[in-house]
Amino acid sequence: MRSDPGTEFCVDIVVKGRKTEVPERFRKHVAEKLKLEKIQKLDGKVISLDVEVSKELNPRQADRSDRVEITLHSRGPVIRAEAAASDPYAALDLAADKLEARLRKQHDKRYTRRGARRISASEVADHVPDAATLDGNGSVVHDEEPEAVPTKKIGSLEVKGDGPLVVREKTHVASPMTLDQALYEMELVGHDFYLFVDSETKEPSVVYRRHAYDYGVIHLNTDPMVAEGQQAPPGGALGG
């Protein structure tokens, strides 16, 4: 079958069956469903339409037993659309809707490309992200670089600015306890160390797990020179 003589191009519609017979009633429905006037508005270079109907004999796929594939040939790219349903008429409706959606997408894409205007050099920065800014003479305008922030290394971390980087900070209220109590608390919480206030010295101490089953204890004593406001010698309590 062919398109109406009044249309711009003569379009052939070929309907064929694969593993099934195509009744004349269905061929007429194809001509009514595939509105050539609308198709030619979306693609003025269309030459022919192939409609293939196939039948799936597997009873488990009764809801998708009939499949329709539409192939549009034109002077541009080939466009295909297919669908399956419980009868060929429903499958044709679904495939025709898919074909129209794809034609409309192609049409809109071509229209957008044709309608896009050229932009001046001064407008590039407004349309293109990260593009260089030009002045009135077409020269690149360099942004002022921010003042460099010093970076230092603390272990495996890089800290910018004054630092140091505090990942997490906690404050606990602790009652003085003996070393045995501190070891018991460390085992209770399942940590490798435990910070406590020694009941004998009233100073902060740390009990920690060593290799095998040994334990270690670190006691901190307040430096009398620091307590009196004098400058402490380098090294600190743990560094001497």
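What are the pairs, 6+ residues apart or on separate chains, where a residue within segment 186-208 that is under 11 Å from H219 (Cα atoms) has its Cβ under 7 Å from a residue that is surrounded by 14 or more Cβ atoms within 10 Å (Cβ to Cβ) and among the polar types (S, T, N, Q)?
Listed pairs, sorted by first residue: F196/S205; D198/S205.
Given the criterion of a type in the set (D, E, K, R) and at pLDDT 75 or above, identify the matching residue among D180, D162, D223.
D180
Go through segment 168-198 and count every residue that is in contact with a Leu (Cβ under 9 Å, 6 or more places away or on another chain) and in a loop (DSSP other than H, G, I, E, B).
Going through segment 168-198 one residue at a time, the tally reaches 2.
Among R75, R2, which is the only one that is open to solvent by 80 Å² or more (accessible area, probe 1.4 Å), farther than 18 Å from L94 by Cα, in contact with a Cys (Cβ under 7 Å, 6 or more places away or on another chain) and modelled with pLDDT under 90?
R2
Mind checking which residues of segment 202-218 are within 19 Å of V173 (Cβ to Cβ) and open to solvent by less than 70 Å² (accessible area, probe 1.4 Å)?
Looking only at segment 202-218, we keep the residues that are within 19 Å of V173 (Cβ to Cβ), and these are 202-207.
Residues satisfying the conditions are E203, P204, S205, V206, V207.
The values are calculated or read from the model by the stated rules, or taken from the named source; none is laboratory data. In this text, all values refer to a predicted model and were calculated from it rather than measured experimentally. Because the Cβ atoms are built from the backbone with ideal geometry, glycine has one as well, and the counts that use them run over all protein chains shown. Remember, those area values only see protein heavy atoms, side chains included, never the ligands or the DNA or RNA. Shrake-Rupley method; radii C 1.70, N 1.55, O 1.52, S 1.80 Å.
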